[in-house]
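A.B. asks: My questions all concern the structure below.
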Amino acid sequence: MAKRSSLFSTLRKPDPAPEDNPPTASPEPAQETAGRKYPIASTRAGKRVAGVYLEPEALRQLRQLALNEDKTIQELLVEGVNAVFEARGLSRIA
């Protein structure tokens, strides 16, 4: 049996025809996306992700705490990582 083509191959847009008069300047500066298919938020530049699996109730509680303190979950998790570092005599660098 022959392999079917990918569903995504039908969704790709064809390359636009080259224009005779291309624009001289783009309206917005291009973000550095070397080797990436998507732009990186400036707040995440140079950082790496660390994930955690939580019980559903723990996640609900974390969301509620973030809402109550008018913070993001990201801010609370960074605060928690820094607290772990501090408790072990390390610098708070998260």
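A.B. asks: Taking region 33-62, which residues are β-branched (V, I, T), at pLDDT below 90 and within 17 Å of Q74 (Cα to Cα)?
C.D. replies: Once the filter is applied, which keeps residues that are β-branched (V, I, T), at pLDDT below 90 and within 17 Å of Q74 (Cα to Cα), region 33-62 yields I40, T43.
A.B. asks: Name every residue in region 72-94 that is surrounded by fewer than 13 Cβ atoms within 10 Å (Cβ to Cβ), part of a loop (DSSP other than H, G, I, E, B) and touching a helix residue (DSSP H, G or I) at 6+ places or on another chain (Cβ under 9 Å), in order of residue number.
C.D. replies: T72, L90, S91, R92, I93
A.B. asks: Considering only region 45-71, state which residues are of a type in the set (D, E, K, R) and exposed (fewer than 10 other Cβ atoms within 10 Å of the Cβ).
C.D. replies: R48, E55, E57, D70
A.B. asks: Contact list please: Cβ distance under 7 Å, first residue in region 70-94 and without any contact (Cβ under 8 Å) to a residue 60 or more places away in the chain, second residue small (G, A, S) and surrounded by 13 or more Cβ atoms within 10 Å (Cβ to Cβ), pairs at least six apart or on different chains.
C.D. replies: T72/A66; I73/A66; L76/A66; V78/A94; V81/A94; N82/A94; F85/A94
The values are calculated or read from the model by the stated rules, or taken from the named source; none is laboratory data. What you are looking at is a predicted structure, and each value in this text was computed from that prediction instead of being measured. We place every Cβ from the backbone using ideal geometry, glycine too, and count neighbours over all the protein chains shown.
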